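We did not get these values from a lab; they are worked out from the coordinates using the rules stated. Since the model is a prediction, treat every value here as computed from it, not as a measurement. Because the Cβ atoms are built from the backbone with ideal geometry, glycine has one as well, and the counts that use them run over all protein chains shown.
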Amino acid sequence: MNDEQLLRYSRHILLDEIGIEGQQKLLAARVLVIGAGGLGSPAALYLASAGVGHLTIVDDDDVDLTNLQRQIAHTTARIGQPKALSAQEAIGAINPDVRVTALIERVDEARLAELAAASDVVLDCTDNFRTRHAVNRACVAARVPLVSGAVIRFDGQVSVFDPRSADAPCYSCLFPQDQAFEDVACSTMGVFAPLVGVVGATQAAEALKIVMGIGTSLAGRLLMLDGLRMEWTSIGVGRAAGCPVCSL
Ligand SMILES: [Zn+2]
C-alpha cells in the first residue's frame with residue numbers, strides 16, 4: 001500500500017480484525033455485483049469505498065427517473081445512461097483505486113458460470129427469482145460464496161450461501177426452484193427507499209467479511225427486516241435433503 005492508501009483505509013487498518021493484512025485482502029479481491037439498482041447501488045459503493053480491488057458490475061438496464069428515489073449510485077444527470085456505466089462513474093468519483101468492469105448485458109447461464117468462477121464472492125442484487133436461481137446455480141457450481149439480498153415494500157431479507165462448506169444450504173434449499181413464486185416487481189409494489197440501503201449495505205458488509213475471513217457470516221441464517229416496526233428476525237436455514245442444486 002502506498003501512503004495515500006494507508007490514509008484512505010486508515011479507519012479500517014485501525015481495526016484489529018482488519019489491519020494491513022485485511023485491507024490487502026480487500027485490495028486483491030474480485031467481487032461480482034449482479035444488478036446496479038436499489039441493492040446494487042449501496043452494495044457497490046461500500047465495496048468500492050472499502051477498497052475492493054476489482055468490482056464487476058452487471059446490469060443491462062438504463063437509469064430511469066423512477067429509480068432515483070432509492071438507487072443512490074445514479075444521478076438525475078445520468079438518466080438514460082446504462083446503470084452499469086453510471087455506477088462505474090459513481091465509484092470512480094469515490095475511489096479511483098478500484099478497477100471496475102461494467103457489463104451492460106443480460107447474463108445467461110454460461111456467462112454467469114464464467115463470471116462467478118472468476119470471483120471471490122458474488123452479490124445477488126437482482127429482483128427476480130429466475131435470475132436469482134441462475135446466480136445460485138453458478139455459485140454452487142463454482143463453489144463461490146453468494147450474498148443474497150431482497151427488498152419489497154417495507155420488508156427486507158439477506159443471507160449468505162457458502163458452498164465452500166459441506167453442509168451449508170444454497171438459495172434453492174430455501175426457495176425451491178420448482179415452487180411457483182410470483183415475482184413482485186418494485187415497479188408495481190413499491191419499495192421504501194432506505195430499506196434497500198440497509199439491505200444493500202448489509203450485503204456489502206457480509207462480502208467484505210468473507211473476503212477477509214473475519215467474523216461469522218450469515219451462512220445458515222436468513223436475516224429478515226420488518227422496516228415498519230424496525231425489527232430484525234433471524235431464522236436458521238438448513239440444507240434441503242435432495243436439493244437438486246447443491247446435494248448432487
Ligand atoms: Zn441447495
Lys/Arg Cβ at +1, Asp/Glu Cβ at -1, dipole of the chain taken about the Cα centre: which of 51, 41, 14 is farthest positive-ward?
14
Within the stretch 133-159, find all residues whose amide N lies under 16 Å from a label point positioned 7 Å from the Cα of residue 106 along Cα-to-beta-carbon.
133-135
Along the charge dipole of the stretch 3-236, which of 232, 126, 80 sits closest to the positive end, that is, farthest toward it, with unit charges on the beta carbon of Lys, Arg, Asp and Glu (+1, +1, -1, -1)?
232
For residue 221, other-chain or 5+-apart residues with amide H closer than 5 Å (H placed, Pro excluded) are 160, 237
In the stretch 3-236, taking the dipole from +1 charges on Lys and Arg beta carbons and -1 charges on Asp and Glu beta carbons about the Cα centre, the listed residue (175, 203, 135) farthest towards the positive end is 203
GNM on the chain, Cα springs under 10 Å; top mean-square fluctuation among 67, 136, 128 goes to 128
Whole-Hz Karplus ³J(HN,Hα) for the stretch 195-210, in order, using 6.51 cos²θ - 1.76 cosθ + 1.60 and θ = phi - 60°, x for Gly and Pro?
4, 5, x, 4, 6, x, 5, 5, 4, 4, 4, 5, 5, 5, 4, 5
What FRET efficiency comes out for residue 21 versus residue 60 if R0 is 30 angstrom and r is the Cβ-Cβ distance? Round to the nearest 0.05.
0.20
Restricting to DSSP H runs of at least four residues, report the calculated mean residue ellipticity at 222 nm for the chain, -39500 (n - 2.57) per run over all residues, nearest 500 deg cm²/dmol.
-10500 deg cm²/dmol
Ranked from highest to lowest mean number of other Cβ atoms within 10 Å per residue, what is the order of the peptides 200-213, 226-239, 165-178?
200-213, 165-178, 226-239
Note down the magnitude of the dipole of the chain about its Cα centre, charges +1 on Lys and Arg C-beta and -1 on Asp and Glu C-beta and zero elsewhere, to the nearest 20 debye.
240 debye
Averaged over all directions, how much area does the convex hull of the C-alpha atoms of the stretch 3-236 cover when projected, in nm²?
12.5 nm²
